[in-house]
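Student: Before anything else, here's the structure in question.
The values are calculated or read from the model by the stated rules, or taken from the named source; none is laboratory data. Note that this is a predicted model, so its numbers are computed, not measured. Accessible surface is based on the protein model in full, side chains and every heavy atom, while ligands, DNA and RNA are left aside. Shrake-Rupley method; radii C 1.70, N 1.55, O 1.52, S 1.80 Å.
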Amino acid sequence: MSKEMRPEPHLLVVGMNSSDVKATMSFARTLLDMLPAIPRGLLVDTRIADLAIGVGHRVVALDGTLREMPTDEQLRRTVKWEASRLETLIADLSSGRSERLSCEVAEGDLITCACAAAADEDILLLCQRPMLGFHGNVLLIGAPNSHSTKVLAMVRALANSSAAKISEVQTTEEVAAVFKRVDRSRVAAIVVDLNVGPLKSEEDLRHLFSAARCPVVVIGAKHIKPTCDKADASVT
């Protein structure tokens, strides 16, 4: 009897805009050099305009300037343009690795959409540009003896790629203490394995990403069940 074919793992590259994704491409390439994974892109449209109540609202553009709240038509054009840029970035990552290009657009909360899209042995790369640039340590959530050899090798590769050191948050720390440690730290990237704790839930991951202000590599996100609905639209 032949063994059941297992789906190939993906590196799911997730961002709210193509600029955040582009800024994290060096980490994506490092991870793909370490993993037998296929790159896949997910652009999350957070629909901030839907949260505005009343008139006179402004949004902060990528260059830091204040601009008028975009119209629905402007938002649709922006999402289409961002999705096209993401497709180009994922195609570049896929070159020489896989001929199958996969990009999607989702509406909603970034963490919810990312966790809902993760399956099997997928690893998430949650993209955001560091506020202070890619300077600092690579932070590993959890003591080394709680992680697999593959995870430790991944962390070392990320640190080597940015000439950084590895710092650790012990698994014995309370979740609130982990967030405080992350908020005080200046790091180039964070690696967290939800299989070993102390972070376990979608809300934990959301707090971590907010405190991180840098790219976050997530292992074990498939175990998190989404807390709200998500709508996907394939762009490739």
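Student: From largest accessible area down, sort K222, K165, K180; use a 1.4 Å probe on the protein chains. Please list the in-between numbers first.
Tutor: Numbers: K222 80, K165 150, K180 130 Å².
Order by accessible area, largest first: K165, K180, K222.
Student: Determine the gain in length on full extension of the stretch N145-S201; use 0.36 nm per residue of separation and subtract their C-alpha separation, reporting nm with one decimal.
Tutor: Working: separation 56, 0.36 × 56 = 20.16 nm, distance 2.18 nm.
Length gained between N145 and S201: 18.0 nm.
Student: Here is the link list: K22/K150; K22/K80; K180/K200; K22/K200. Which ones come out longer than 20 Å on Cα distance? Show your work: numbers first, answer last.
Tutor: Working: K22/K150 25 Å; K22/K80 17 Å; K180/K200 17 Å; K22/K200 28 Å.
The pairs that break the limit, which is 20 Å between Cα atoms, are K22/K150; K22/K200.
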